[in-house]
Amino acid sequence: MTSLSEDPPSLISEDDRDTAVRRLQEAYAEGHIPHEELDERLHQVLTATTRTDLVPPLAALPEEKAGPTSTIAAAGGRIRRRGVWRVPRTLKVESAFGRVHLDLSRAVIEHPVVDIDLQLGTGRAKITVPRDAIVDFEGLHTGWKDTLYKSRRHSRPGGPRIRISGTMGFGRLRIRHARH
């Protein structure tokens, strides 16, 4: 009999598996593991079903590089990024007063996961994500109004994961998927 405090094993997603494969490939390319070990570890990752199964093949690998954080800041006024622009792996947006509009629909997104850290005082924010993006905003703390987001019913797999975190004082975040 299992106790109530024990959690069932957490199943892995395809994103978790892809991240583990990428980390192994990077470790091999940087000379941290030999070819034979790469094959063995890849087999373990590709047959894993729970997060616990991913621990042994990723053990003793160097820490994952987070990459540089780019910051866009304004004390007041408007922060706007749209059209074709390169989205960094981690983007920090700071604004005491004013509006923020980030349009990622035509942006160049080279990373499977993009972290956006919003640090906003007052004013509203709008983020337009690609059609096939997966959005996670559980790390965002709002003080005044809830975030407006309607997930897509028919999204294709393979899009970037956009993780939004941070703090918003007064204002509202609106997230929408691009239409085309």
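The values are calculated or read from the model by the stated rules, or taken from the named source; none is laboratory data. None of these values were measured; they are calculated from a predicted model. When we count neighbours, we look across all protein chains shown, and the Cβ atoms used for this are built from the backbone with ideal geometry, even at glycine. When the accessible area is computed, the model is the full protein with side chains, heavy atoms only, and any ligands, DNA or RNA have been set aside. Shrake-Rupley method; radii C 1.70, N 1.55, O 1.52, S 1.80 Å.
Details
- Residues of region 78-111 that turn out to be open to solvent by 30 Å² or more (accessible area, probe 1.4 Å) and outside any strand (DSSP E or B), as a count: 10
- Some residue of region 121-140 being touching a His at 6+ places or on another chain (Cβ under 8 Å), within 27 Å of T19 (Cβ to Cβ), open to solvent by 80 Å² or more (accessible area, probe 1.4 Å) and in a loop (DSSP other than H, G, I, E, B): yes
- Taken over region 110-131, the criterion of being modelled with pLDDT under 90 and either β-branched (V, I, T) or within 14 Å of the chain's Cα centre (by Cα) (or both) is satisfied by E110, H111, P112, V113, T122.
- When residues in region 52-75 are screened for being within 22 Å of S13 (Cα to Cα) and surrounded by 14 or more Cβ atoms within 10 Å (Cβ to Cβ), 5 of them pass.
- Some residue of region 153-174 being of a type in the set (A, V, I, L, M, F, W, C), under 16 Å from the mean Cα position of the chain (by Cα) and open to solvent by 30 Å² or more (accessible area, probe 1.4 Å): no
- Among residues of region 51-63 that are closer than 13 Å to E40 by Cα, those with a beta-carbon under 9 Å from a residue that is modelled with pLDDT of 80 or more and assigned to a loop (DSSP other than H, G, I, E, B) at least six positions away or on a different chain give the pairs L54/I12; L54/A48; P57/A48.
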